[in-house]
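The values are calculated or read from the model by the stated rules, or taken from the named source; none is laboratory data. Every value quoted in this text rests on a predicted model; they were computed, and no experiment measured them. Note that we place each Cβ from the backbone using ideal geometry, even for glycine, and neighbour counts take in every protein chain shown.
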Amino acid sequence: MIPPYGPVKVQRCNHPLLRERKITLFVQREDLVHPYLSGNKWRKLKYNLEDFKLSGATVMLTFGGAYSNHLVATAAASYLSGIPLIVVIRGEPHPENPYQEFIRSCGTKMIFISRTLYREKGDPDFIRTLLENQRIHPDACYVIPEGGANDAGTKGCEEICNDVPDESGWIACACGTGTTAAGIARAMKDHQKFLGFAVLNAGNYIRETMIKSGADEGRFHINEDYVFGRYAKVTHLLKNFIKNFHVQTGILTEPVYTGKMFLGLLDLIEQRYFREGSVITAIHTGGVLDFSIPLKW
């Protein structure tokens, strides 16, 4: 069920600003692990898939938006593992949406619901009714929350720290639900600190999620200065940065998560937020998809 998952590539970033500020920046390339099961998405699915197998359930259920990388990764994992999957998608179907085309090609059952109804996704009664409408007994279904945001997801994200260079004093990562951040902050070494970049206006929620998960409040900080207004909002500044960052480093990013994180990180380096000689590892959590690549382990 679980594919080979060896050491993740860690490369040194050669952006000119780093030499000027005497900062070492490593990029942990979680995005290169697999075309569809990459980044923190696979980390959050790993133990959910194991728990599904142990649960005795016969079908999985999860939730996401119209362009959800979590749904893509879960659909790929279910197809490769032979697990029946139902995904509940917020909004209407989009015939030309490549994400939905891929999910459909994996044999996944897709259910579209209104944004209003989608807010009930955490209500057990809502899930029970939804499953009964599909003629599925609730006991036969293993539910993965949106984004893989549960204890199993956090446990998987702890393992990101296994590949972080020991000399790193800082670990940086984009933050949405706080699951990845909580796992990293909980497992990082004693000399390390975590710097998270919120990608939506939910900094307090992320902090609370991390603290509830056991992260030391004194060893992490969530920066909210690079949200750019709201989740998935793209500005000219952000688009230009992503293009220039790729030219300068060869690293592809996207505007929802990793683009915001790298922009914020380099801006803080420019502002001398970090001392000279600091060593930082930025976690590239994926999100750059090429749907032309064949789906296989």
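Restricting attention to region 268-297 and to residues that are out of contact with any strand residue (DSSP E or B) (no Cβ under 7 Å at 6 or more places or on another chain) and of a type in the set (Val, Ile, Thr), the residue that is surrounded by the fewest Cβ atoms within 10 Å (Cβ to Cβ) turns out to be 293. Taking region 248-278, which residues are of a type in the set (A, V, I, L, M) and over 29 Å from residue 37 (Cβ atoms)? Scanning region 248-278 gives 268, 269. Restricted to region 170-193, and to residues that are touching a Lys or Arg at 6+ places or on another chain (Cβ under 7 Å) and surrounded by fewer than 24 Cβ atoms within 10 Å (Cβ to Cβ), which residue is farthest from residue 28 (Cα to Cα)? Per the stated criteria, the residue is 193.
Of the residues making up region 2-14, those that are more than 23 Å from residue 291 (Cα to Cα) and touching a strand residue (DSSP E or B) at 6+ places or on another chain (Cβ under 7 Å) are 10, 11, 12, 13. Kindly indicate whether residue 36 is within 22 Å of residue 159 (Cβ to Cβ) and assigned to a loop (DSSP other than H, G, I, E, B). When the stated conditions are applied, residue 36 passes them. Annotation: of all residues in region 121-143 being within 22 Å of the chain's Cα centre (by Cα) and not aliphatic (A, V, I, L, M), the one that is farthest from residue 65 (Cα to Cα) is 142. Among the residues examined, residue 225 does not qualify as free of Cβ contacts under 8 Å to residues at least 12 places away in the same chain, in the same structural domain as residue 170 (by TED's automatic domain parsing) and not in a helix (DSSP H, G or I). Check whether at least one residue in region 54-64 is outside any strand (DSSP E or B), surrounded by fewer than 20 Cβ atoms within 10 Å (Cβ to Cβ) and in contact (Cβ under 8 Å) with a residue 24 or more places away in the chain, and report yes or no. Yes, because at least one residue in region 54-64 is outside any strand (DSSP E or B), surrounded by fewer than 20 Cβ atoms within 10 Å (Cβ to Cβ) and in contact (Cβ under 8 Å) with a residue 24 or more places away in the chain.
Conditions tested, residue by residue: (1) assigned to a loop (DSSP other than H, G, I, E, B); (2) among the aromatic types (Phe, Trp, Tyr).
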residue: 260; (1), (2): no, no
residue: 274; (1), (2): yes, yes
residue: 289; (1), (2): yes, no
residue: 294; (1), (2): yes, no
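The residue that is farthest from residue 41 (Cα to Cα), counting only those in region 11-31 that are assigned to a strand (DSSP E or B) and among the basic types (Lys, Arg), is 12. Applying the condition of being among the polar types (S, T, N, Q) and without any contact (Cβ under 8 Å) to a residue 60 or more places away in the chain to region 268-297 and asking which residue is farthest from residue 161 (Cα to Cα) yields 292. Residue by residue through region 230-258, note down the ones that are of a type in the set (A, V, I, L, M, F, W, C) and either without any contact (Cβ under 8 Å) to a residue 40 or more places away in the chain or part of a loop (DSSP other than H, G, I, E, B) (or both). Once the filter is applied, which keeps residues that are of a type in the set (A, V, I, L, M, F, W, C) and either without any contact (Cβ under 8 Å) to a residue 40 or more places away in the chain or part of a loop (DSSP other than H, G, I, E, B) (or both), region 230-258 yields 232, 234, 237, 238, 241, 242, 247, 251, 252, 256. Regarding region 202-221, can at least one residue be identified that is out of contact with any Asp or Glu (no Cβ under 8 Å at 6 or more places or on another chain), under 20 Å from residue 288 (Cα atoms) and among the aliphatic types (A, V, I, L, M)? For region 202-221, residues out of contact with any Asp or Glu (no Cβ under 8 Å at 6 or more places or on another chain), under 20 Å from residue 288 (Cα atoms) and among the aliphatic types (A, V, I, L, M): absent. Residue-level analysis places residue 265 among those that are on the phi < 0 side of the Ramachandran plot, touching a residue at least 40 places away in the same chain (Cβ under 8 Å) and surrounded by 15 or more Cβ atoms within 10 Å (Cβ to Cβ).
Tell me, yes or no, whether region 18-34 has at least one residue that is in the same structural domain as residue 154 (by TED's automatic domain parsing), at positive phi and over 14 Å from the mean Cα position of the chain (by Cα). Yes, there is a match, as at least one residue in region 18-34 is in the same structural domain as residue 154 (by TED's automatic domain parsing), at positive phi and over 14 Å from the mean Cα position of the chain (by Cα).
Checked against the criterion of being buried (at least 20 other Cβ atoms within 10 Å of the Cβ) and β-branched (Val, Ile, Thr), the candidates 89, 111 yield just one match: 89.
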